[in-house]
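Visitor: The following block contains the structure, expressed as structure tokens.
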Amino acid sequence: MSNIIKDKQVVADDWSILELAEGETVESVTVPAGKVIVPLAVWQAQRAVLQGRNDVGVLFASSERPEALKDDVARMPVIAIDFPKVADGRGYSIAYNLRARLGYTGELRAIGDVLRDQLFYMQRVGFNAFAVRGDRDIYDALKGLTDFSEPYQASWDQKSPLFRRTQRVGTGV
């Protein structure tokens, strides 16, 4: 079992991610028992069977839209968003929209090419769990959540920009 960062702590990851083998289709793949995160297409194809389970989460590819899960978002214990490479920032928008527009309150996990330098910003758009790339030190990555003491902009985690949160003192010109 590997570790992830969840709610600013390193914890054991008790979820597995379903990957389709060659020749399997989203309709025919068997979703195993236990905590499993399935691709969005599998959820959509097998929704009638899977919606009765409380141990199934959904994985978004960076090219998929969060609105595709709008009717089911409240029942998801975990939603993962894949970052196929560091330079692909579409996952940030998916996360923000899941939190701000669709009201998702469960675990929101970043997976894939996830590095320390990204964690602070991922947290700002709503991620609370991070599967750090396997060749990186997870404890070093954890420090990335506190790289900055005060964010300037408003976002998911801080609704007001800095200028609205501080008291200004005039210079008396």
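The values are calculated or read from the model by the stated rules, or taken from the named source; none is laboratory data. Because the structure is predicted, anything quoted here is derived from the model rather than measured. Cβ coordinates were reconstructed from backbone atoms using ideal geometry, including for glycine residues, and neighbour counts include every protein chain displayed. Quick note on the areas: whole protein, heavy atoms, side chains included, nothing else; ligands and nucleic acids left out. Shrake-Rupley method; radii C 1.70, N 1.55, O 1.52, S 1.80 Å.
Visitor: Here's a check for you: in segment 64-81, which residue that is farther than 19 Å from Ala131 by Cβ and small (Gly, Ala, Ser) is most open to solvent (accessible area, probe 1.4 Å)?
Guide: That would be Ala74.
Visitor: When segment 35-61 is examined, which residues are found to be more than 23 Å from Gly134 (Cα to Cα) and either among the acidic types (Asp, Glu) or without any contact (Cβ under 8 Å) to a residue 24 or more places away in the chain (or both)?
Guide: Narrowing segment 35-61 to residues more than 23 Å from Gly134 (Cα to Cα): 40-56.
Once the filter is applied, which keeps residues that are more than 23 Å from Gly134 (Cα to Cα) and either among the acidic types (Asp, Glu) or without any contact (Cβ under 8 Å) to a residue 24 or more places away in the chain (or both), segment 35-61 yields Ala41, Ala45, Gln46, Ala48, Val49, Leu50, Gly52, Arg53, Asn54, Asp55.
Visitor: Any idea which residue in segment 82-110 is nearest to Glu67 (Cα to Cα), counting only those that are surrounded by 17 or more Cβ atoms within 10 Å (Cβ to Cβ) and small (Gly, Ala, Ser)?
Guide: Ala95
Visitor: Can you tell me which condition Asp88 does not meet? The list is (1) among the charged types (D, E, K, R); (2) touching a residue at least 60 places away in the same chain (Cβ under 8 Å); (3) part of a loop (DSSP other than H, G, I, E, B), and all the others hold.
Guide: Unmet for Asp88, out of (1) among the charged types (D, E, K, R); (2) touching a residue at least 60 places away in the same chain (Cβ under 8 Å); (3) part of a loop (DSSP other than H, G, I, E, B): (2).
Visitor: Are there any pairs, at least 6 apart or on different chains, whose C-beta atoms fall under 9 Å, with the first in segment 1-17 and free of Cβ contacts under 8 Å to residues at least 12 places away in the same chain and the second assigned to a loop (DSSP other than H, G, I, E, B) and open to solvent by 60 Å² or more (accessible area, probe 1.4 Å), and if so, which?
Guide: Ala12/Met1; Ala12/Ser2
Visitor: State whether the residues of segment 24-35 include one that is modelled with pLDDT of 95 or more, under 28 Å from Asp117 (Cβ atoms) and among the hydrophobic types (A, V, I, L, M, F, W, C).
Guide: Taking every residue of segment 24-35 in turn, none turns out to be modelled with pLDDT of 95 or more, under 28 Å from Asp117 (Cβ atoms) and among the hydrophobic types (A, V, I, L, M, F, W, C).
Visitor: For segment 91-139, what are the residues that are part of a helix (DSSP H, G or I), out of contact with any strand residue (DSSP E or B) (no Cβ under 8 Å at 6 or more places or on another chain) and within 19 Å of Ile17 (Cβ to Cβ)? Let's see the steps before the verdict.
Guide: Taking segment 91-139 first, the residues part of a helix (DSSP H, G or I) are 91-100, 116-124, 138-139.
Imposing the further condition that a residue be out of contact with any strand residue (DSSP E or B) (no Cβ under 8 Å at 6 or more places or on another chain) reduces the set to 92-93, 96-97, 100, 116-117, 120-121, 123-124.
The answer is none; no residue qualifies.
Visitor: Of everything in segment 1-24, what is open to solvent by less than 60 Å² (accessible area, probe 1.4 Å) and farther than 24 Å from Ala129 by Cα? Give them in sequence order.
Guide: Matches in segment 1-24: Ala21 only.
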